[in-house]
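FYI, it's all coordinate maths here, none of it is from the lab. The structure presented is a predicted model; accordingly, all values stated were derived computationally and were not measured. Every residue, glycine among them, receives a Cβ derived from its backbone with ideal geometry; neighbour counts consider all protein chains shown.
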Amino acid sequence: MSFAEKDSTRTFSLDSYYVSEDLGFILHEPMTELPSYYQPWMDIALHLPELVLSHELRSRVSRMPLLSSQYLHSHRELRLAHLALGATTMSYVWQEGEHHTVKVLPQNLALPYWEVSERLGLPPIFIHADAVLANWKKRDSEKPFDIANLDLVVRLPGGESLRGFFMVTLLVELAAIPALKSIPKVCRGVSSGYIVDVAQALQDISKSIHDMTEALKLMHVYVEPSVFYGIIRIYLSGWKDNPSMPNGLIYEGVSPEPMEFSGGSAAQSSLLHCFDELLGIKHEAKGGAFLTRMRDYMPPAHTQMIKDISSWPSLRCFVHEQCDEELNQAYQLCVTELTEFRNYHINMVSRYITIPAARARQLRLEKTTEEEMIAKAPTALEERGTGGSSIMSFLKTVRDETKQVFPTVNKN
Ligand code: HEM
């Protein structure tokens, strides 16, 4: 049976996953304020760096009233509440560094955070969908969506490097939009057997992935490695597979048992998950399990989109069976660009984690005052990502599995 006969009636549209043609997975016009009832949350969430620096955050949180989440109505309100309570939770847990964490998140924070998370179908921890997708505003609404005109709604410690880290990641999401728009074209083309349309859509996807790598390069301009490693990173860390919090965290008033959640990571961006499923790239064993688990840290509609792409008739088999040189080349170009993205990302991880980690070990031995910031960085995270993975072997395996996917043109 041909591909066209199998599935020509199925449709695939971005709208059904709340993915827009102009902003992709990025939340449209995130709210910057909640109804006045929630002012006690926002009074804290909008001043986290100062409160952490003065070591006042934990006591401020303990004095916060217990508020009900029932006056939050719209999706955008809930997303702001999740962002604000998530960033407050990270600051509460990590305020005193890796050696003085807490076992319990107090009820006045834990309970509403749990309720908001349940309503959104998200885990009660700070995730990519908070930090990046729902955490932006334009400085001047008349001016364009570019980094000079973008600011964060909620900040963690890390100053301009923190803004750069989240905003450059937002620009990577933005660069991927043409690729997202082409996914339905690929799906339709595969179902209907339109080789030319599929080849054209794949070319657009490869160009868009190339632009994502270009956007990634801006990290070096906006983010200082010592600030990322020594300050920012700990606030993104979770309480799963983290030796600093081996037993997880008790959400008081929710359950007496501690719970474990991975920290924020762009592995929770839906982009590469979509491309892997579309291109038929499989990640096996431990790395694959980690990536699959990261799908529980995405808005449920976006996870659904990834699942639906994976259940679509296989593009990889289509390319293999059609024996069309142009189609094959377009497919291979996508794989090459995705490999390039992962290669560049590995170099970046080396610059922002591996090298500062080596330097931190040395500085701890020498006890120099210079670069104290790096020396004080969490030792438990030297070999681990904030999501809890053992970094380099994981990332290189994922990159190699990308390279290996090439279907050979069937000449018979
Ligand atoms: C300074 C910048 C960055 C650093 C240091 C960094 C670090 C890491 C680390 C350590 C991991 C391993 C998973 C974990 O435990 O968290 C990871 C995974 C990942 N990161 Fe990044 N990351 C950075 C920026 C980005 C950006 C801007 C993107 C773009 C969306 C991105 C996309 C990914 C993806 C997709 C994965 C999963 C592995 C894969 O599919 O190849 N990262 N990152």
Size of charge dipole - the chain - debye, nearest 20, with Cβ of Lys, Arg +1 and Asp, Glu -1, no other charges: 620 debye
Rounded tilt (10° steps) of 159-175 against the dominant C-alpha axis of the chain: 20 degrees
Only Lys, Arg (+1) and Asp, Glu (-1) charged, at Cβ; segment 215-329 dipole about Cα centre in debye: 320 debye
Beta bridges per DSSP with both ends in the chain, % antiparallel, nearest 5: 75 percent
Dipole of the chain, positive direction: furthest Cα of 360, 266, 236, with charges on the beta-carbon: 360
Total formal charge among the other residues, if their Cβ is under 12 angstrom from that of residue 261, Lys/Arg +1 and Asp/Glu -1: -1
Pairs from 181/403; 138/396; 138/181 whose Cα-Cα separation, in the structure shown, is over 26 Å: 138/396
Computed P(r) (all Cα pairs; segment 236-352; 5 Å bins; percent): 2, 9, 14, 17, 18, 14, 10, 6, 4, 3, 2, 1, 0
Size descriptor, Kirkwood hydrodynamic radius, that averages inverse alpha-carbon separations across segment 227-278, Å: 13.1 Å
Residue (of 330, 105, 51) at the positive-pole extreme of the chain, dipole from beta-carbon charges: 105
For segment 29-43 versus segment 153-192, the gap between their alpha-carbon centres in whole angstrom: 25 Å
Reference-scaled alpha-carbon Rg (2.2 N^0.38 Å with N residues) for the chain: 1.02
Computed [θ] at 222 nm, deg cm²/dmol, the chain (DSSP H ≥ 4; -39,500 (n - 2.57); rounded to nearest 500): -15500 deg cm²/dmol
C-alpha long axis of helix 300-310 to longest principal axis of the chain, angle in °: 30 degrees
Degrees separating the helix 75-94 axis from the principal Cα axis of the chain, which is the longest one: 50 degrees
Directionally averaged shadow of segment 278-333, computed from the convex hull of its alpha-carbon atoms, nm²: 4.7 nm²
Segment 89-222, dipole about Cα centre (Lys/Arg Cβ +1, Asp/Glu Cβ -1), debye to the nearest 20: 220 debye
For segment 295-330 versus segment 248-272, the gap between their alpha-carbon centres in whole angstrom: 29 Å
